[in-house]
1. Run down E221, E261, E243 and say which single residue is among the charged types (D, E, K, R) and more than 19 Å from M377 (Cβ to Cβ).
2. Can you tell me which of T262, T213 is buried (at least 16 other Cβ atoms within 10 Å of the Cβ) and polar (S, T, N, Q)?
3. List the pairs whose first member sits in the range 63-75 and is under 13 Å from G132 (Cβ atoms), whose second member is more than 13 Å from the ligand (Cβ to nearest atom) and of a type in the set (K, R), and whose Cβ atoms are under 7 Å apart, counting only residues at least 6 apart or on separate chains?
4. Would you pick out the residues in the range 280-296 that are in contact (Cβ under 8 Å) with a residue 60 or more places away in the chain and assigned to a loop (DSSP other than H, G, I, E, B)?
5. Quick one: Q230 ticks every box in (1) among the polar types (S, T, N, Q); (2) modelled with pLDDT under 95; (3) over 19 Å from K148 (Cβ atoms) except a single one, so which number is it?
6. Consider I365 carefully, then state whether it is within 17 Å of the chain's Cα centre (by Cα) and over 22 Å from S199 (Cα atoms).
7. Suppose we keep only residues that are in a helix (DSSP H, G or I) and in contact with a strand residue (DSSP E or B) (Cβ under 7 Å, 6 or more places away or on another chain) within the range 380-404. Which one would you say is surrounded by the fewest Cβ atoms within 10 Å (Cβ to Cβ)?
8. Looking at (1) surrounded by fewer than 20 Cβ atoms within 10 Å (Cβ to Cβ); (2) closer than 25 Å to E243 by Cα; (3) within 20 Å of the chain's Cα centre (by Cα), which is the one condition that is false for V92?
Amino acid sequence: MSHTKNLSDLFYLFDIDVSAVENMRKHFHEEMLRGLSGQTSSLKMLPAFVTRSQGKESGHFLAIDLGGTNLRVLLATLDGMGNSVVDTVKKVTLSRNIMQGTTEELFDFIALCVSEFLNENDISKNVNYHLGFTFSFPVEQISVNSGKLIQWTKGFSIKDGINEDAVILLNKAFKRRQLNNIQISALVNDTVGTLMEESYSNSNCDMGVILGTGTNACYLEKTENIKKLQIHFSKPTMVIDMEWGDFNGYNGTSYDTILDETSINPGEQIFEKMVSGMYLGELSRLIICDMINKKFLFNIIVSHAFTRNGFLETEDMALVAADNTDSLAKTEEFLVKAGITDSTIYDRKTLKEIFFIVSKRAARIAAAAVVSVVLWMDPLLTKKHLIAVDGTVFAKYPLFKQNMEDLLSEYLKDKKHLINLTHTKDGSGKGAAITAAVAYNILRTNAKN
Ligand code: GLC
C-alpha cells in the first residue's frame, strides 16, 4: 500500500486480477457464513422476512423511498400479471438540516410530504392504503414490517434513531399528521425492492444490487441456512439484506485509508467507500491532489479547488469519462469552472485516466462481490442467475457495466453467460409497492388460516 508515483503505478495499485477475485470470494463466503450464524461479521446478513414475488400480486399500493439525497412518495398499480406502473410520484430533495437533524424532524418531514402527495393527487384520506417503506439503511428486522435501525449511512448523521423501529417512528409521525388510512405493510431495503421489482416479471432473478450513492446487495437464501433465525418463517426461502457496503475483506490503497479516516464514519462502510457514488469523487480528488503535489499534474502552485474536501463529485467524473472530444473540451470546461484555466491536453487526459482507473476498480470489485454471492447460492454454477441492479453509478457511469462484465468473463470464462446483469429501474419505488403487496397477501393468508 503506497502512494503512486505516476499513472502506471496508479494503474497497478488499483488493479484487481483473477487471483484477487478468488481471494475476495473466500473472504466473502467466510463472512457470509459468520453473518448467517449470528457471529460477528462485516456482512450483517439481515433477514428481510419476505420471499421473492410470484408476479401475481395486484392492486394499488403506496410507497415511500428514503435513503439517498431525495425522498419520493408514489402510488403504484400492480396488474397481477407481472406489470407494475407508477401512477404518480412526488420527489423532494432532502436538505442537509433534515439529513443531520433528529428522527422526529425527519419523520415529520416524510409525513408532511405524504400528506401533500395525497392532497395534490386527490387521493382520499378515507380509503385505506397499504404502503411499502423503502428505508435504505441497515435494519435488524423481526418481521416484514418492523425493524430497528442499526446505523445511519451515506451522509445521514441523525443524532438519534439507532435501535428504534423505523415503522413505529413513521407511524407516530403519520398519527401526528392525522394520516390514519395508511398501513405500513413492509419495511424494505432498496436492494430488496430491486429484487422484488425484477422477480415480479422474471423468475430467474435471485439477487438485487444497488450501485448508487451507496452500495449493497440482497439475495435469496434457503431459510434453513439462516442459522441465527429465531423467529418462524413459513417459506423455504427468504431474502437476505447483506449490507455488503461494510465488507472489510478487500484491502484498499493508502488513498482509501485517507478517505476513510477523514470521513464522518471512519472504520465503517469500507467496501462502500471504494465502490459507490458518494465516495468515488473524493477518492479521485485525493489522487489528483497527490499528483499535483508531486508536480505530475497541472501547472499550479497556488491553492486550487481540488484541495477542498468533497469538491469533486462522482457526477463530474462521469462527465469527464463521457467526454470523447479530441481536445477534451467538456473536461476543460469543468476545469475552468474549478478555477484551473491553463490545463494542457496532457492534464486533461491524465484526469480522464485517473477517473477511469478509480471507476474501473469500483466496477470490478462490485462484480467480484456479485460473483461471490452467486457462487454461494450455486457453487458449481449450474443455472442462470439474473442480477437486478439499480443506482446511478451502474445506470449512468460510462463503461461501468462493461467493466463489471469484463471481470465476470475473465473469472468465469465460458460460464459467464450464466450471470446476467440487468438494469432494474425503480426497485425502491415499485419494488416497495410489490413488497407491500406480498406482505399484505401473507397477512391475509395467515388471517384466513
Ligand atoms: C447503504 C445502506 C444500505 C443500502 C445501500 C444502497 O449501504 O446501508 O442499506 O442498501 O446504502 O442504498
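1. E261
2. So the residue among T262, T213 that is buried (at least 16 other Cβ atoms within 10 Å of the Cβ) and polar (S, T, N, Q) is T213.
3. Hits for this filter: D65/R72; R72/K90; R72/K91; V73/K90.
4. To start, the set of residues in the range 280-296 that are in contact (Cβ under 8 Å) with a residue 60 or more places away in the chain comprises 280, 283-284, 287-288, 290-291, 294, 296.
Result: K294, F296.
5. Looking at each condition in turn, Q230 falls short on (3).
6. Values: within 17 Å of the chain's Cα centre (by Cα): yes; over 22 Å from S199 (Cα atoms): yes.
Yes, satisfied.
7. At the first step, the residues of the range 380-404 found to be in a helix (DSSP H, G or I) are 392-396, 400-404.
If we keep only those that are in contact with a strand residue (DSSP E or B) (Cβ under 7 Å, 6 or more places away or on another chain) too, we end up with 393-395, 401, 404.
Values: V393: 28, F394: 22, A395: 15, K401: 19, M404: 27.
By that ranking, first place goes to A395.
8. (2)
The values are calculated or read from the model by the stated rules, or taken from the named source; none is laboratory data. This is a predicted model, so every value here is computed, not measured. Backbone-built Cβ (ideal geometry, glycine too); neighbour counts: all protein chains shown.
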